[in-house]
Amino acid sequence: MRPGAVIAGCGWKLGRPFPDRLDVVIRQAVLAALAESGLSIDDIDSFVTVAGDTLDGISVPGRAEVAGNYGRRYLNVPSSAGHGLGAAVTQIEAGEAKNLILVGWGAATKYGAFDPRRNQADPFYARPIGASPRVVAALQANEILDMPGMEKSALQSYADAMAQRAWDGTVAPEAGAAPAWVRTGFCDGAVAIVLRRASDGKPGVAVSDFASISRAYSPEDDRLDTAEWVKEALSAMSGRGYTDGTEFTVIEAAAPTPIAEARALSALGFASDTDQGKFNPSGGGATAHFGQATALRQIAETSRRLAAGSKSSSRRPSKGLVLDLTGPAGQHTTAIMLQAETVQ
Amino acid sequence: MFRHSAGRLGSYYLTAIRTQKRLCGWQTVSPSRLSVPPRDFGTKGEWTDIGPGAELLSFAPSEWVADSGEAVLRDFVLGRVLVDGAEVPLFVLVKLNGADGKRGLRLSVRFAKGHTGTGVDFWFEPVSASASEGAQS
């Protein structure tokens, strides 16, 4: 178990799209996270943002200032939420920061009409042949469909259930387009998480372990199997080895599509007909996807559920797991283990 | 218009396709791998001809990506194939020509008459279809 960082507060908002400017929503998320943590902005000594040029152009530094980074240690991680969390936790464990805010955002609703992320594909081999993230995700979906337990009707039920949880509604099939379980459910999102050093004795949710694995844009694996990538990430956690998921009370995942997400969860025992709300109570990331920072919401949701559980009946530590699968096929996979510290 | 260098290995690979209608992979000892497109690990290696046959691993169904805005996918599907002699899969254009795109379907390489110096200069087709059509190969 890592010694270091505790999640002290979270704030987030989703929209399709946001009615307010993204800057305003980012600030609201930061203020909500600070309020929950009991800390003020003056207590914060470092900012880490998860944002990239694909979604935000040259606005990343400006929005970071709106979020409150001005005059503080600052790092932008133009990568996945899991990588951002790793950078933030490492700053705290290294003693570089005591109280830190991790913020991520994306205005991706517009990608529902047209997904322009072709620039992620390399310019010589992938981009000219149409291997954009959207098309690679479809290719992967067709491949996963041949794997055990991946029935179309069950996948439609999964996509509908996740949308109901995230949006209080169902995913409507669109004539002539890919089924809901192949499509990314784009939205706008902003999430802020306050992290602090674990040794100050206050209750919180500990980031007890995390590990990332990754693949190139064109993975060399025989199959684009998210379940295998999840097993690899779990095995990379401090050498603890693969876990089947039974030790966790809640497991959240964010992948590019519902089928990739369901397959990732299957590595931990998920089957759509046995889900009792342990898997993706937030609705997951595929049906509420705002880009690379998406899984910050899964981290925040899991943290809040664990914190609520520790304040109620159980005195036993409650464990949660977040799976962040970013990239066209989810090949940048991070597993994050969270553990509630029981209130005495 | 952007112009990039494809690098030492990438330039050789793309030039061989464009000028010689030849598909080749880069064989290295450390790591021990035949990569296509070539990956430059900064170690010694040698070029090895691969193909013309290949095995289909998967593809993106046209009806799922019709609204993706990828013009090249009006005539092709995006596939993932394992070229004979290669050790890692390759994203590549595939013309299924009505064949059932099952994993393991045997394919053969086809080269375009024109050339662009990119991945659209070649594609794969089911073996029976490529044997009966007149495209340059």
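Among the criteria (1) of a type in the set (Gly, Ala, Ser); (2) touching a residue at least 24 places away in the same chain (Cβ under 8 Å); (3) out of contact with any strand residue (DSSP E or B) (no Cβ under 6 Å at 6 or more places or on another chain), the one residue B:51 does not fulfil is (3). Among residues of the stretch A:77-91 being in contact with a helix residue (DSSP H, G or I) (Cβ under 8 Å, 6 or more places away or on another chain) and buried (at least 19 other Cβ atoms within 10 Å of the Cβ), the one that is nearest to residue A:38 (Cα to Cα) is A:85. Inspection of the stretch B:4-20 finds a residue satisfying the criterion of being facing chain A (nearest Cβ under 10 Å) and hydrophobic (A, V, I, L, M, F, W, C). The numbered conditions (1) within 19 Å of residue A:219 (Cβ to Cβ); (2) in a loop (DSSP other than H, G, I, E, B) are all true for residue A:69 except (1). The requirement of being crowded, with 24+ Cβ neighbours inside 10 Å, in contact with a helix residue (DSSP H, G or I) (Cβ under 6 Å, 6 or more places away or on another chain) and touching a residue at least 12 places away in the same chain (Cβ under 8 Å) is fulfilled somewhere in the stretch A:40-48, by at least one residue.
Checked against (1) over 21 Å from the mean Cα position of the chain (by Cα); (2) closer than 23 Å to residue B:75 by Cβ, residue A:71 meets all criteria but (2). Would you check which residues across the stretch A:1-28 are over 22 Å from residue A:197 (Cβ atoms), outside any strand (DSSP E or B) and touching a strand residue (DSSP E or B) at 6+ places or on another chain (Cβ under 6 Å) and list them? Answer for the stretch A:1-28, where residues must be over 22 Å from residue A:197 (Cβ atoms), outside any strand (DSSP E or B) and touching a strand residue (DSSP E or B) at 6+ places or on another chain (Cβ under 6 Å): A:17, A:18, A:22, A:25, A:26. Once the stretch B:38-78 is narrowed to residues that are in a loop (DSSP other than H, G, I, E, B), under 26 Å from residue A:133 (Cα atoms) and in contact with a Leu (Cβ under 7 Å, 6 or more places away or on another chain), the residue that is most open to solvent (accessible area, probe 1.4 Å) is B:40.
Can you find a residue that is at the interface with another protein chain (Cβ under 7 Å from one of its Cβ atoms), touching a residue at least 24 places away in the same chain (Cβ under 8 Å) and of a type in the set (Asp, Glu) anywhere in the stretch A:123-143? Yes, the conditions are met somewhere in the stretch A:123-143. Does residue B:57 meet the test of being modelled with pLDDT of 95 or more and facing chain A (nearest Cβ under 8 Å)? When the stated conditions are applied, residue B:57 passes them.
Mind checking which residues of the stretch B:74-88 are of a type outside the set (Val, Ile, Thr), modelled with pLDDT under 95 and under 23 Å from residue A:141 (Cβ atoms)? Passing the criteria: B:74, B:75.
If you go through the stretch B:84-129 and keep only what is β-branched (Val, Ile, Thr) and either touching an Asp or Glu at 6+ places or on another chain (Cβ under 8 Å) or facing another protein chain (nearest Cβ under 8 Å) (or both), you end up with B:88, B:92, B:94, B:116, B:118, B:120. When residue A:215 is tested against (1) farther than 30 Å from residue A:124 by Cβ; (2) touching a residue at least 12 places away in the same chain (Cβ under 8 Å), only condition (1) is not met.
Of all the numbered requirements in (1) in contact (Cβ under 8 Å) with a residue 60 or more places away in the chain; (2) within 11 Å of chain A (Cβ to nearest Cβ), residue B:72 misses one, and that requirement is (1). For the stretch A:108-122, filtered to residues that are within 30 Å of residue A:34 (Cβ to Cβ) and open to solvent by 20 Å² or more (accessible area, probe 1.4 Å), the residue that is nearest to the other protein chains (Cβ to nearest Cβ) is A:110.
The values are calculated or read from the model by the stated rules, or taken from the named source; none is laboratory data. Fair warning: this is a prediction, and the values are worked out from it, not measured in the lab. Reconstructed Cβ throughout: ideal geometry from the backbone, glycine too, with neighbour counts over all protein chains shown. Accessible surface areas use protein heavy atoms only, side chains included; no ligands, DNA or RNA. Shrake-Rupley method; radii C 1.70, N 1.55, O 1.52, S 1.80 Å.
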